[in-house]
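A short worksheet on the structure shown next.
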Amino acid sequence: MRIILKAQSAYAAGLAALACVALAGCGGGGGGGSTTDDIARAVPVGSGGRSVRLNNYNSWGLTSSADHQNATKLQAALQKLVKREDIVLTDDEAFWHETPGWDGCAPADIKRLNPGTKIYMYYRAAKASFENDWAKPLSSLTGKLNIGNPIYWADIQQNDWWLRDGNGQALVHDTYHFIDFGKPGVKEKYLQTMLARLAGKPVNGVVIDFVPPDLTQVLMGRPRPAAYPTDNDWYTKAFVPFITYVYDGLRSAGYKTAGLCYDYNKRGSTNEGFMRSKIDISIYESWLVHWNGDWLPKNMIAQRISDFRQDPLECWVADFGLRAGISDYELKQTAALAMYYVSIPMSQDKRSYHHYGQLPWHTNWDFNIGLPAEESVRMTDKFFWSRRYTQGLVLFNYEDSGAITFPITRAYRDASGQVYRTSITVPAHTGMILQTAGN
């Protein structure tokens, strides 16, 4: 069995990443049961709970076929998944109820385990050849399908809705076949089929990926289609009408819309302004590090902190570049969470955090520091932030070099148990998440 929790956001990371998109996920359900304590952690109540809200965007569960037949591993993966406030699933009816001995990992099953979580269905604008309606007639489809793009292959094929270059060749990258959003009937069929598949499921919203606002990256040097001689032609004739029709239709049907909206390099652009008018949730897919895992420049970090704090939309951090195997992963993992803690508004109800991985669960996520007690404070002329929480303290030093010593008036301990009583020295590029300790 395989259930895809969230396929990699290849477009946002650059289309070159398309070739390495992986399939994986979580199987699960009520079969093994989850403990009350585990599920209770899904709600960050401050005292006695978690201090961070979590999503699973850019995360996978189990990657091998053998793992998906292992009830113990499946149960462990499910318990990690359902402890999140925001859960992204793909539309994978073919596998939700087909693991022996399991009830499945369908939205209804997850809601039974954690009624408070919000579930978002993940779709793509591209059509992948591993979707199991591929090359099948509509009359043969039973409804139990693995669908990334809600338009069935037979409809696309019959209407020739494929996106083609100036030579008439379909645009394909790896297993992903792009669709011409500007052709008559595409946007209508996309929304119609999506709403039909969502009907009756306890889903709160929808994420749509692989929606390029321009064709240059998709074409990769191939001749432009006659219908779109410039990127602006594609943007105005295909992208904007598609997004407007589909997102407005989803909102009218009561679903929230999420998009990979935040881009430091396009802040204030026409595209960003348009997308933000159509989404309820902005995904910060780049947070602490570059796509390759390297540290971002200081000015970008300062801007992200400011934007994330003031953003009127609901926001998810989903740091694509922060993954096991990069240099200084543990250091960056703690720093990224510290950056989140100093960035969130006083109320965290419209924020959640995560980074790339196979459903990781980190010690810091269960390290309770309460709730924000005050706004974060930036040290004058330094890339250093501090913030007091009701049961802790967060420090974030993003100077290129040089430790900074922060005076304290009470004792704090870190997750390893080390206690600080009079001052705390924070090295460069380091975050510290501290809990109040006895005198």
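The values are calculated or read from the model by the stated rules, or taken from the named source; none is laboratory data. Note that this is a predicted model, so its numbers are computed, not measured. Backbone-built Cβ (ideal geometry, glycine too); neighbour counts: all protein chains shown. Protein only, heavy atoms only, side chains kept; ligands, DNA and RNA dropped before computing areas. Shrake-Rupley method; radii C 1.70, N 1.55, O 1.52, S 1.80 Å.
Observations on the model:
- Shape call, region 242-369: gyration tensor on alpha carbons, a/c limit 1.5: prolate
- Relative frequency of Cα-Cα separations exceeding 14 Å in region 255-324, percent: 59 percent
- Global size of region 296-408 as Cα Rg and Dmax, reported in angstrom: 13.9, 39
- When each of the peptides 411-423, 225-237 is scored by the mean number of other C-beta atoms lying within 10 Å of its residues, the order from highest to lowest reads 225-237, 411-423.
- Fully extended contour minus Cα-Cα distance, from residue 375 to residue 313, at 0.36 nm per residue: 20.4 nm
- Note on residue 437/residue 69: beta-carbon distance plugged into 1/(1 + (r/R0)^6) with R0 of 45 Å gives a FRET efficiency of 0.50.
- Extension gain for residue 416-residue 303 works out to 37.6 nm (0.36 nm per residue, less the C-alpha to C-alpha distance).
- One quarter of the convex hull surface built on the alpha carbon atoms of region 195-257 amounts to 5.0 nm², the projected area averaged over directions.
- Rounded to the nearest 20, the Cβ-based charge dipole of region 354-407 about its Cα centre (Lys and Arg +1, Asp and Glu -1) stands at 80 debye.
- Surface share of carbon and sulfur [accessible, 1.4 angstrom probe, percent] for region 261-372: 49 percent
- Across the accessible surface of region 73-225, with the other protein chains kept in place and a 1.4 Å probe, carbon and sulfur atoms take up 52 percent.
- Of the residues 314, 93, ranked by 1.4 Å probe accessible area with the largest first, the sequence reads 93, 314.
- Label positions at residue 290 and residue 403, each projected 7 Å from the Cα along the C-beta direction, are separated by 2.9 nm.
- Relative to its residue count, region 357-417 spans a Cα convex hull of 140 Å³ per residue.
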